[in-house]
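The values are calculated or read from the model by the stated rules, or taken from the named source; none is laboratory data. In this text, all values refer to a predicted model and were calculated from it rather than measured experimentally. Ideal geometry is used to build each Cβ from the backbone, glycine not excepted, and the neighbour counts take in all protein chains shown. These area figures cover heavy atoms from the full protein model, side chains too; ligands, DNA and RNA do not enter into them. Shrake-Rupley method; radii C 1.70, N 1.55, O 1.52, S 1.80 Å.
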Amino acid sequence: KLDSPFDYKRNALLYLPADMPPPNDRFYVDAVVNCARDVLQSSKGRAFMLFTSHAALQSAARQLQDTLPYPLLVQGSAPRRELLERFRELGNAVLLGTSSFWEGVDVRGAALSCVIIDKLPFGSPGDPVLQARIEAMREQGENPFMTYQLPRAVINLKQGVGRLIRDTNDRGVLVLCDPRLRGKAYGKVFLKSLPEMPQTSSTGAVETFFEQVSSAAEELLPI
């Protein structure tokens, strides 16, 4: 295992919003969108919002449509390659995506300065393949959650988180909305799997982070 070449301690901030409802709450997506609005104001757009389901993505898209001061790009409205090209060109867009945007996507530079993830990416309980695997593991006396579902979700989360910092000069904020990260014992497994970076539950800290990024960028501009 090789250490990351990126300096997450200096170049990234993990924001764990407080007072989020449980992920199975009927108004959970609304809470994610409200959280995102505050962060997007500080980041000036320039964000990926990654969802674990198409239903949540569509709900968020309806709420954000025509209410953001930044361009909104939604998975399914155009091919993935075209959406990414427009995201890079616009420089201040907000892109909403599901599984295909959690991995294999590389956007370097300030155009992507924030990644917002709605939930821990556990497999859908309605997936018949997953259900069959769980039943088979239980019949063998194994704990399917600890030996399969949790490790798989950890890997998927790391892939989504990896969209944020793609270059040594990249800086950005990672937002993990799921309150289970702090409310459940297994939340520590997810947090320990992530690159070491400062954590906060304060929107003020997020705003300060982006202000410092902007100030540093201005200092590098030619006179």
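Within the range 3-61, the set of residues being closer than 20 Å to Val206 by Cβ, hydroxyl-bearing (Ser, Thr, Tyr) and modelled with pLDDT of 95 or more comprises Tyr15, Ser42, Ser43.
Which one is farthest from Cys177 (Cα to Cα) among residues in the range 110-124 that are in contact with a Lys or Arg (Cβ under 7 Å, 6 or more places away or on another chain) and open to solvent by 20 Å² or more (accessible area, probe 1.4 Å)? If we take residues in the range 110-124 being in contact with a Lys or Arg (Cβ under 7 Å, 6 or more places away or on another chain) and open to solvent by 20 Å² or more (accessible area, probe 1.4 Å), then Ala110 is farthest from Cys177 (Cα to Cα).
When Asp38, Asp66 are screened for being touching a residue at least 12 places away in the same chain (Cβ under 8 Å), open to solvent by 80 Å² or more (accessible area, probe 1.4 Å) and either of a type in the set (D, E, K, R) or under 19 Å from Leu174 (Cβ atoms) (or both), only Asp38 passes.
Of all residues in the range 125-147, those being open to solvent by less than 50 Å² (accessible area, probe 1.4 Å) and not small (Gly, Ala, Ser) number 4.
Closer than 20 Å to Cys35 by Cβ and either in a helix (DSSP H, G or I) or at pLDDT 95 or above (or both), is that true of Tyr148?
On the way: closer than 20 Å to Cys35 by Cβ: no; either in a helix (DSSP H, G or I) or at pLDDT 95 or above (or both): yes.
No.
For the range 11-35, the set of residues classified as surrounded by fewer than 16 Cβ atoms within 10 Å (Cβ to Cβ), in contact (Cβ under 8 Å) with a residue 24 or more places away in the chain and outside any loop (DSSP other than H, G, I, E, B) consists of Asp30 only.
Taking the criterion of being hydroxyl-bearing (Ser, Thr, Tyr) and either assigned to a loop (DSSP other than H, G, I, E, B) or surrounded by 18 or more Cβ atoms within 10 Å (Cβ to Cβ) (or both), the residues of the range 153-196 that qualify are Thr168, Tyr186.
Of all residues in the range 178-191, those that are under 16 Å from Asp25 (Cβ atoms) and at pLDDT 95 or above have Cβ atoms under 8 Å from Cβ atoms of residues that are open to solvent by less than 50 Å² (accessible area, probe 1.4 Å) and among the charged types (D, E, K, R), 6 or more apart or on another chain, in Asp178/Asp118.
Quick one: would you say Gly104 is more than 15 Å from Ala56 (Cβ to Cβ), of a type outside the set (A, V, I, L, M, F, W, C) and in a loop (DSSP other than H, G, I, E, B)? Walk me through how you get there before you give the answer.
Numbers: more than 15 Å from Ala56 (Cβ to Cβ): yes; of a type outside the set (A, V, I, L, M, F, W, C): yes; in a loop (DSSP other than H, G, I, E, B): yes.
So Gly104 fits the description; yes.
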